[in-house]
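Here is the structure we will look at, set down as structure tokens.
The values are calculated or read from the model by the stated rules, or taken from the named source; none is laboratory data. No experiment lies behind these values; they were computed from the predicted model shown. Glycine also receives a Cβ, built like all others from the backbone with ideal geometry; neighbour counts cover every protein chain displayed.
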Amino acid sequence: MCSQSNIVLVTVPGDLDVTTVAPVRRQIDSAIARGSRRVILNMAAADYVDSAGMALIMRELRRLREVGGLLSLIDVSPQAYKALVLMRLVDLMPVSAAGARREVSELAPWVLPLWQNTLAVDPDRLAEARARVEQLLRRTALSADDVFDTTLAVGEALGNAIDHTCAVGVLATVTAYPDRAVVDVSDCGEGFSLADGEEPPAVGDHAERGRGIRLMRMLVDAVSITQKTSGHGTEVRLTKLIPRQDAAQTNPEGA
């Protein structure tokens, strides 16, 4: 089990059946008891989900919803995905099939934002900054679950900026486009960069930051980390795509 703040990644050790349900349930229940509100089940090793596994998913989904949290499944095999479709669970929670990560294309130069809002982040009032980002994201066409995940990812980026850089001088910019929401977090630290798909450092000063980066990559569709082109510091760009059928509903009012 991997955890960071209130986000927990639980890896299912094999098929999610009567033999594995109990230890998986204990991990999830323990995380919820510690205050975690976002649980991600890694289903890469599970080719089969039986009735006990379905009952576990339903139970934990309900428990997390009751406390304002979210359960999702990632790396779901084709066989397990079919079973989840038959049980209509894919209609109730985020479920990502193995290899189904959406590709984030570059924005064309002529595509202008619908609106943009920048806020300075007070290191002593981080919760207020997260709440403000969430308010802004709710004005886009992202679903409630996507807003939840993106807000958590932004929280990780803000936490990294404050803990590992200059603390003061952190900015968060939320930008709405027709097909995506983008949040840029910039700081004035020593500068840090990581190529797309490159594994974060596992040791040294950046190890803790690396754990946050891995979680951000699970929560949004793209994470870009570059050194500022001018001055000192790092820019983290988080992109969450808006489903095509919802993109036309983006609301630019009040930006």
Subject >> Unmet criterion (only one of (1) of a type in the set (A, V, I, L, M, F, W, C); (2) touching a helix residue (DSSP H, G or I) at 6+ places or on another chain (Cβ under 9 Å); (3) in a loop (DSSP other than H, G, I, E, B)) for Val24 >> reply: (3)
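Could you tell me which residue of segment 209-239 is modelled with the highest pLDDT, considering only residues that are in a strand (DSSP E or B) and among the polar types (S, T, N, Q)?
Once the filter is applied, the top-ranked residue is Thr239.
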Original post:
Within segment 153-166, is even one residue under 22 Å from Ser72 (Cα atoms) and at pLDDT below 90?
Top reply: yes
**OP:** State all residues of segment 60-93 that are surrounded by 12 or more Cβ atoms within 10 Å (Cβ to Cβ) and either touching a Pro at 6+ places or on another chain (Cβ under 7 Å) or at positive phi (or both); if no residue qualifies, say none.
**Re:** Ser72, Asp75
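Can you spot a residue in segment 62-70 that is closer than 16 Å to Val12 by Cα and either outside any strand (DSSP E or B) or touching a helix residue (DSSP H, G or I) at 6+ places or on another chain (Cβ under 9 Å) (or both)?
Checking segment 62-70: not a single residue is closer than 16 Å to Val12 by Cα and either outside any strand (DSSP E or B) or touching a helix residue (DSSP H, G or I) at 6+ places or on another chain (Cβ under 9 Å) (or both).
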**OP:** Scan Ala80, Ala22, Ala52 and give me the residue that is in contact (Cβ under 8 Å) with a residue 60 or more places away in the chain and over 18 Å from the mean Cα position of the chain (by Cα).
**Re:** Ala80
**OP:** Determine which single condition Ile242 fails, assuming it passes every other condition in (1) within 23 Å of Asn117 (Cβ to Cβ); (2) at pLDDT below 80.
**Re:** (2)
Original post:
Which residue pairs have Cβ atoms under 6 Å apart, sit 6 or more places apart or on different chains, and have a first residue in segment 206-234 that is under 27 Å from Val76 (Cα atoms) and surrounded by 15 or more Cβ atoms within 10 Å (Cβ to Cβ) and a second that is among the basic types (Lys, Arg) and at pLDDT 80 or above?
Top reply: Val220/Lys240; Asp221/Lys240; Val223/Arg217; Ser224/Arg237
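Return yes when Ala108 is small (Gly, Ala, Ser), at pLDDT below 90 and over 19 Å from the mean Cα position of the chain (by Cα) and no when it is not. Write out each step before concluding.
Details: small (Gly, Ala, Ser): yes; at pLDDT below 90: yes; over 19 Å from the mean Cα position of the chain (by Cα): yes.
The answer is yes for Ala108.
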Original post:
Given the conditions (1) at pLDDT below 95; (2) in a strand (DSSP E or B), which single one is not true for Ala181?
Top reply: (1)
Original post:
Can you name the condition, by its number, that Val133 falls short on among (1) under 27 Å from Val170 (Cα atoms); (2) touching a helix residue (DSSP H, G or I) at 6+ places or on another chain (Cβ under 6 Å); (3) assigned to a loop (DSSP other than H, G, I, E, B)?
Top reply: (3)
**OP:** Collect the residues in segment 100-122 that are assigned to a strand (DSSP E or B) and surrounded by 11 or more Cβ atoms within 10 Å (Cβ to Cβ), keeping them in residue-number order.
**Re:** Trp115, Gln116, Asn117, Thr118, Leu119, Val121
